[in-house]
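So the structure is just underneath, and the comments pick up after that.
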Ligand code: MV4
């Protein structure tokens, strides 16, 4: 096992990793930018190193600074958290070359899944269903137009280097394909420095489901069920739950089986998430794979009882997975609400000083947070200040518990999206569990015009 882990991240996930390390008896090194010296991850770690100025490019994304910090503190492994360098193959390779264990899949896996075209090809080859679409990268606008016409409209153009919704364009008719292709490609070049594009049939009202994979270094692979991630606004998830109200035990079983078989074929290691799109007919399709721990991992931890961050660390150290698939049982229901420092109506970031802070507690309530009274929320990084995760015996009780917890939550001095969550938790589609990825759009429209909503019911 490792003696000391450097956490190449900030905020709640850095704290989450520190907590796992403390329970494992592993020393921790926090890194931070100049403006983050008052952050909890710095206070809770055994040691800390300032690695650069506020700009993430010069601090949390600064590979030489991170490896120097690992060297001077004698850290033997690096946990990258999520975001920042967590899926950067070059970073994983440099860690290896410096004799520091990168806590995550092999660099080869990060490369394979980092390009959505190669990920699709590999997963299709390994047996996961794909939507009808291009094979390989689109070569020209003519080819895009021909293929789109063959598949039928609507289609969606996506950037190979994209993911999380950036560089996408929905096209509804043949005459619009070429222009959309040129625009999307230019956007992809500007955003990622890579204009490779692919296309697939567009599903109008999909659910976004993801499957948690856990794999050791010895070929043993299991899944920990799914997370329902359809509640998103502009590709930012706002709430996640497990289990998904859309899955039947039979569908869950089938998804798990094909996913594990595919992971075996590519010899996946460490934890990862397979993103699937579920259509109204109950058919599922591979979208992309995330090779990191995810923000929403706690809902899986609560329904399965598996500590995913502890597991990541143990697996990176070469441990054998102690669980068999038949040992995994999903019990109860969990919901995660992302509490953001943002305006509940405009969603604009709302940084500033927190003048009062009282997080909820009591039965079935977990907070993975990073703020405290008198903490100053910074404008330089994402606006997530805490994750409120609630657990109960069933979905109805879990929703009641989430509402109760929100009613206790006090955050003063900044604006938060707590009022948005309160509205969401009473929205009828959400309560029934019959929602899809358009739920936030519909909720906001009904708030803008409550009469229309009342008429629709
Ligand atoms: C799709 C889709 C429908 N059909 N792909 C891809 C990244 C993920 N974050 C959203 N993605 C989608 N991919 C096909 N073939 C629907 C989404 C999607 C979405 C697309 C446009 C605008 C908002 C969206 C919200 C959720 C999902």
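Run down 259, 250, 334 and say which single residue is more than 16 Å from the ligand (Cβ to nearest atom), part of a strand (DSSP E or B) and under 28 Å from residue 392 (Cβ atoms).
Values: 259 fails: part of a strand (DSSP E or B); 250 fails: part of a strand (DSSP E or B).
On inspection, the qualifying residue turns out to be 334.
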Conditions: (1) outside any loop (DSSP other than H, G, I, E, B); (2) closer than 30 Å to residue 152 by Cβ; (3) over 22 Å from the mean Cα position of the chain (by Cα); (4) more than 14 Å from the ligand (Cβ to nearest atom). Residue 195 meets all but one. Number of the miss? (1)
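Which of the following residues is closer than 21 Å to residue 117 by Cα, at pLDDT 95 or above and either within 16 Å of the ligand (Cβ to nearest atom) or touching a helix residue (DSSP H, G or I) at 6+ places or on another chain (Cβ under 9 Å) (or both): 209, 222, 293?
Within the list 209, 222, 293, the selection yields 209.
May I ask you to verify whether residue 207 is out of contact with any strand residue (DSSP E or B) (no Cβ under 7 Å at 6 or more places or on another chain) and in contact (Cβ under 8 Å) with a residue 40 or more places away in the chain?
Numbers: out of contact with any strand residue (DSSP E or B) (no Cβ under 7 Å at 6 or more places or on another chain): no; in contact (Cβ under 8 Å) with a residue 40 or more places away in the chain: yes.
Against the criterion (out of contact with any strand residue (DSSP E or B) (no Cβ under 7 Å at 6 or more places or on another chain) and in contact (Cβ under 8 Å) with a residue 40 or more places away in the chain), residue 207 does not qualify.
Mind listing just one residue for me: the one in segment 432-446 that is over 10 Å from residue 230 (Cβ atoms) and more than 10 Å from the ligand (Cβ to nearest atom) and, of those, surrounded by the fewest Cβ atoms within 10 Å (Cβ to Cβ)? Don't jump to the end; show me each part of the working.
Going residue by residue through segment 432-446, those that are over 10 Å from residue 230 (Cβ atoms) are 432-434, 441-446.
Next, from what is left, pick out any that are more than 10 Å from the ligand (Cβ to nearest atom): 432-434, 442-446.
On the way: 432: 9, 433: 14, 434: 12, 442: 15, 443: 21, 444: 14, 445: 14, 446: 17.
Among them, the one singled out is 432.
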Counting only strands (runs of 3 or more DSSP E) wholly inside segment 352-423, the ones holding at least 2 residues that are in contact with a helix residue (DSSP H, G or I) (Cβ under 7 Å, 6 or more places away or on another chain) are 365-369, 384-392
Have a look at 183, 137 and point out the one that is over 20 Å from the mean Cα position of the chain (by Cα), assigned to a loop (DSSP other than H, G, I, E, B) and either surrounded by fewer than 18 Cβ atoms within 10 Å (Cβ to Cβ) or within 16 Å of the ligand (Cβ to nearest atom) (or both). 137
Given (1) more than 16 Å from the ligand (Cβ to nearest atom); (2) surrounded by fewer than 20 Cβ atoms within 10 Å (Cβ to Cβ); (3) modelled with pLDDT of 95 or more, index of the condition residue 346 fails: (3)
Quick count over segment 92-132, residues being without any contact (Cβ under 8 Å) to a residue 40 or more places away in the chain and buried (at least 23 other Cβ atoms within 10 Å of the Cβ), is 2
Restricting to segment 140-159, and then to whatever is crowded, with 21+ Cβ neighbours inside 10 Å and within 13 Å of the ligand (Cβ to nearest atom), can you tell me which residue is farthest from the chain's Cα centre (by Cα)? 148
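Say we look at segment 237-247 and pick out the residues that are crowded, with 17+ Cβ neighbours inside 10 Å and touching a residue at least 40 places away in the same chain (Cβ under 8 Å); which of these is nearest to the ligand (Cβ to nearest atom)? I'd like the intermediate steps shown before the answer.
Here is the first cut: in segment 237-247, the residues crowded, with 17+ Cβ neighbours inside 10 Å are 237-244, 246-247.
Next cut, touching a residue at least 40 places away in the same chain (Cβ under 8 Å) only: 237-243, 246.
Numbers: 237: 9, 238: 12, 239: 13, 240: 13, 241: 16, 242: 18, 243: 20, 246: 14 Å.
Per the criteria, the residue is 237.
The values are calculated or read from the model by the stated rules, or taken from the named source; none is laboratory data. Predicted model only: the values in this text are computed from it and were never measured. Ideal geometry is used to build each Cβ from the backbone, glycine not excepted, and the neighbour counts take in all protein chains shown.
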